[in-house]
Amino acid sequence: FRFKESLAEHLQSADLVISHAGAGSCLEALENGKPLIVVINDKLMDNHQLELAKQLHRDGCVLYCNCSTLVETLQSMDLSALKPFTPGQPEKFASFLDKVFGLQ
Amino acid sequence: TGGHTTEILRLLSCLSESYSPRHYVLADSDKMSEAKIRSFEQKRAETFSESQFSLDRIPRSREVRQSWISSVVTTLYSILYSLPLTYKRKPDLILCNGPGTCVPVCLSAFLLGLLLIKRTIIVYVESICRVETLSLSGKILYYFSDYFIVQWPELKKKYPKSVYLGRIV
């Protein structure tokens, strides 16, 4: 199962996703409406990837734990408390660029 | 590379055909982005048949966590390499979102602007991963870009000259 081209199929049929803090993994799970638990690697404290995971946790969109607290988190989790994730809006970017170039 | 490519393709997804032809610049060591780009452009050609794009490769300017001093040398080399490319393409707009590859391209465009050869508008979009701190590319290009876009309010506070549009990928 090392590196599959696309996890999309597995993601679609999952009820819960447990992932590392990589942005791609987190966003893919959230955009597919899956409840997500992000597991932080304590030994990579300097990792800027944590910023997004922390923010998503502050927004109430994900649960957050480290390897040693994973079991406890799974036992006590309340997935219904997770807030829905609103996807990003590239239209706003297009609109902004159009203004810059006087294309509106 | 990877996440950067996915983000930039999302940014491109809502752009009209006024933003054409598109010239993609990749690091020579990047194996995965080309396929993603071709797939995106293929889909785009289904709606806009006249759509045009090209792919260029440049030496990677910096490896992750490469030392400061050697990074300056490799970046200078990449700038030398990017100059003829930027001169040839003379883009009206450069859009980038943070991989080390973008710094030499933007700096060479900036230089061509100073030399009055071509004025390119440089738009930098910091990655969605960057909530509290800027990437190294961001810290550099904050001073060289025409528009510097951040996706989280805390960065807007720290970098007041930036543009905040909310999450756009």
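Tabulated data for the structure shown
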quantity: Chain B - Cys residues lacking any other Cys C-beta under 4.7 Å; calculated: B:Cys14, B:Cys106, B:Cys129
quantity: Relative pair counts by distance (%), Cα atoms of the protein assembly as shown, 5 Å bins; calculated: 1, 5, 11, 15, 18, 17, 13, 10, 6, 3, 1, 0, 0
quantity: A:Ile40 long-range amide H proximity, modeled H, under 5 Å; calculated: A:Cys65, A:Asn66, A:Cys67
quantity: Degrees between helix A:49-58 axis and first principal axis of chain A (Cα, 0 to 90, nearest 10); calculated: 90 degrees
quantity: Kyte-Doolittle at least 0.5, axis length at least 24 Å by Cα - qualifying DSSP helices, chain B; calculated: B:68-89
quantity: Shape of the range A:7-101, Cα gyration tensor, a/c cut at 1.5; calculated: prolate
quantity: Peptides B:101-109, A:31-39, B:14-22, A:66-74 ordered by average Cβ neighbours within 10 Å, highest first; calculated: B:101-109, A:31-39, B:14-22, A:66-74
quantity: Partner lysines for A:Lys43 [C-alpha distance under 22 Å; skip if fewer than 8 residues away on the same chain]; calculated: A:Lys54
quantity: Under 14 Å, Cβ to Cβ, from B:Ser18 - net charge with Lys/Arg +1 and Asp/Glu -1; calculated: -1
quantity: Shape call, chain B: gyration tensor on alpha carbons, a/c limit 1.5; calculated: rounded
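Every read-out reported here was derived from the displayed coordinates using simple, explicitly stated rules and does not represent laboratory data. Predicted model, so just to flag it, every value in this text is computed and none were measured. Virtual Cβ from ideal backbone geometry, glycine too; neighbours counted across all protein chains shown.
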